[in-house]
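Below is one structure, written out as structure tokens; the observations come after it.
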Amino acid sequence: MISSDVLQKLSGAVVMSGFMSVALSGVFTGLEFGLTLNWLAHWGQSILIAWPVAIALDLSFGSNLRRISGALAASFSRQ
């Protein structure tokens, strides 16, 4: 059985990396090709490349980055 903490980390990584992959690959391929049918084809390919990279980065560095951002937010809220 997978613990709820691990399941939350995995589901968060899947959702966040999926959203970021779709959004950013759409923006950058749209800027490169314009909003054409050619863009749609390249956008799909870009998502297939970006999502595994993004999920690996999130699972590798996400906890530390969230800890750092929490510390930054706490230091700004004290000022």
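Points worth noting:
- At full extension, residue 22 and residue 64 could sit 12.7 nm farther apart than now, given 0.36 nm per residue minus the alpha carbon distance.
- Segment residue 11-residue 36, length gained on full extension (0.36 nm per residue, minus Cα span): 5.7 nm
- Against the main long axis of the alpha-carbon atoms of the chain, helix 4-33 sits at an angle near 30°.
- Angle in degrees between helix 37-78 and the longest Cα principal axis of the chain, rounded to the nearest 10: 20
- Contact order relative to length of the chain, as percent, for alpha carbon pairs under 8 angstrom and 6 or more apart: 36
- Charge tally in the Cβ shell below 13 Å around residue 72, where Lys, Arg are +1 and Asp, Glu are -1, residue 72 excluded: +3
- Shape call, the chain: gyration tensor on alpha carbons, a/c limit 1.5: oblate
Bear in mind that the values in this text are calculations on the coordinates, not laboratory data. As the structure is a prediction and not an experimental result, all values here were calculated from the model. Counting neighbours? That spans all protein chains shown, and the Cβs are built from the backbone with ideal geometry, glycine included.
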